[in-house]
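Asker: Provided herewith is a single structure, encoded as structure tokens, for subsequent inquiry.
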Amino acid sequence: MIADRPISELLASKRALRSLEFFPPKDETGVESLRQTATALKRIAPDFVSVTYGAGGTTRDRTAQVSRLLRSEIGFTVMPHLTCVGHSRDELNAVADRLHADGYRNIMTLRGDPPKGQAEFVPFQDGLRYGSDLVALLKARHADFCLGVGGYPEKHPEARSLEVDLDNLKRKVDAGAAFITTQLFFDNAVYYRFVEKCRARGIAVPIVPGIMPVLSLKQIRRFTEMCGATLPEQLIKRLEAAGETPEIVEAIGIEWALTQIRGLLANGAPGYHLYIMNRAKSALTLAAGLAA
Ligand SMILES: Cc1cc2nc3c(=O)[nH]c(=O)nc-3n(C[C@H](O)[C@H](O)[C@H](O)COP(=O)(O)OP(=O)(O)OC[C@H]3O[C@@H](n4cnc5c(N)ncnc54)[C@H](O)[C@@H]3O)c2cc1C
């Protein structure tokens, strides 16, 4: 099994990277449509793709299945996500060994959200409490893992303040994280301020902006409420004016994301990570727009 190239090496090339995020579909029909989406996306040759990690057994099996499909069949460099939710340390070590043996070297390393119906995160029996604990466990198990961690430009919803959250982000980097991917945001000023504050705190690793092209106002309202990101008034007004016409909403979402990405790259961002919701169109349109 050939081992993947660490993303840290790609980031060191100083070329702006493009990465895409998939989530595991619910059933085999979903897997088939993901296969078609991924095939279409080969055209824009993403530097890597990532696959999120759910809370339960079946969705976790699908993370593994989809990661294999994207890696072996499509030929992408794949970064599976992994969380602490519902896993003991022994299980996490076993997952780490499996991923390593299969050639994966890049892992998005997260604490995870509390399972549905649970307000607070409670570590699993003999499990881990924080993302930084999982970074430490994975690095101790396989030193050649290249680990990404989540960063929150508008602070993590549970954190008392952005300052406290940044101290905790630094713990993840000090534990061995090689890069940070941010939660979605819609105002680049938020990202620039975040990067500045990270640098002032001694967080020196690349900070990849996470961008989500809006597909529906209802959906993005739900996401931003969950993750604490701000929706700019100007974007809300445009989306409201578009009403129920999905093509217009989508076009507005893509245009907003394109303006964001152009600005970010012009201002030295190390690339961009797209939350594509398993759809090819926005990523393909953005790539075409950026090529112009
Ligand atoms: C890029 C990205 C990808 C994601 N992918 C997934 C996914 O695949 N699956 C999924 O379930 N979720 C995913 N999430 C969501 C993520 O799991 C949640 O945001 C989760 O609530 C926090 O995870 P974390 O790893 O950032 O946690 P942590 O870094 O552990 O932080 C969680 C909270 O604890 C605080 N904290 C951290 N360390 C300490 C400490 N030592 N002492 C006191 N407080 C501390 C932090 O300030 C923060 O408020 C993703 C998020 C991002 C940004």
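Asker: In square angstrom, what is the accessible area per residue of region 120-207 with a 1.4 angstrom probe? Show your work: numbers first, answer last.
Answerer: Values: 4090 Å² over 88 residues.
On a per-residue basis, 46 Å².
Asker: Hey, got the dipole for the chain? About the Cα centre, +1 on K and R Cβ, -1 on D and E Cβ, debye to the nearest 20?
Answerer: For the chain, the charge dipole is close to 520 debye.
Asker: Could I ask something else about it? How many percent of the accessible area of the chain is carbon or sulfur, using a 1.4 Å probe?
Answerer: Values: 7230 of 13810 Å².
Reported share for carbon and sulfur atoms: 52 percent.
Asker: If you don't mind, there's one more thing I want to ask. Using θ = phi - 60° and the Karplus curve 6.51 cos²θ - 1.76 cosθ + 1.60, what whole-Hz ³J(HN,Hα) does each residue of region 68-81 get, with Gly and Pro shown as x?
Answerer: Coupling constants for region 68-81: 4, 4, 5, 7, 7, 8, 8, x, 7, 7, 10, 10, x, 8 Hz.
Asker: In terms of the Cα gyration tensor, with a ≥ b ≥ c the square roots of its eigenvalues, is region 30-80 rounded because a/c is under 1.5, prolate because a/b exceeds b/c, or oblate?
Answerer: prolate
Asker: Using the heavy atoms of the protein chains and a 1.4 angstrom probe, tell me the accessible area per residue for region 1-111 in square angstrom.
Answerer: 45 Å²
Asker: What order do 192, 272, 130 take when sorted by accessible area (1.4 Å probe), most exposed first?
Answerer: Highest to lowest solvent-accessible surface, that is 130, 192, 272.
Asker: Using heavy-atom solvent-accessible surface (probe 1.4 Å) with all chains present, what is the largest-first order of 233, 255, 225? Mind showing how you got there, number by number?
Answerer: On the way: 233 120, 255 100, 225 150 Å².
Largest to smallest exposure gives the sequence 225, 233, 255.
Asker: Per the helix-only calculation at 222 nm, which mean residue ellipticity applies to the chain, given -39500 (n - 2.57) for every DSSP H run of n ≥ 4 and division by its residues, nearest 500 deg cm²/dmol?
Answerer: Roughly -14500 deg cm²/dmol at 222 nm, from the helical runs in the chain.
Asker: So, taking all protein chains as they sit and a 1.4 Å probe, how much accessible area belongs to residue 237, in Å² rounded to tens?
Answerer: 130 Å²
Asker: What is the Rg over Rh value, at two decimals, for the chain, using alpha-carbon atoms and the Kirkwood definition of Rh? Let's see the in-between values first.
Answerer: Numbers: Rg = 18.2 Å, Rh = 19.5 Å.
Rg/Rh for the chain comes to 0.94.
Asker: Does region 73-225 classify as rounded, prolate or oblate by the C-alpha gyration tensor (a ≥ b ≥ c root eigenvalues; a/c under 1.5 gives rounded; else a/b over b/c gives prolate, otherwise oblate)?
Answerer: Details: a/c = 1.39, a/b = 1.35, b/c = 1.03.
Because its axes are fairly even, with a/c under 1.5, region 73-225 counts as rounded.
Asker: Longer than 22 Å from Cα to Cα, which of 116/281; 116/237; 116/170; 139/170; 197/237; 26/116 are they? Say none if no pair is. Intermediate results must be reported in sequence, preceding the final value.
Answerer: Details: 116/281 31 Å; 116/237 32 Å; 116/170 28 Å; 139/170 16 Å; 197/237 30 Å; 26/116 17 Å.
In this structure, 116/281; 116/237; 116/170; 197/237 lie more than 22 Å apart at Cα.
The values are calculated or read from the model by the stated rules, or taken from the named source; none is laboratory data. Everything quoted here is computed from the prediction, not taken from an experiment. So basically every Cβ, Gly included, is an ideal-geometry build from the backbone, and we count neighbours across all protein chains shown. Remember, those area values only see protein heavy atoms, side chains included, never the ligands or the DNA or RNA. Shrake-Rupley method; radii C 1.70, N 1.55, O 1.52, S 1.80 Å.
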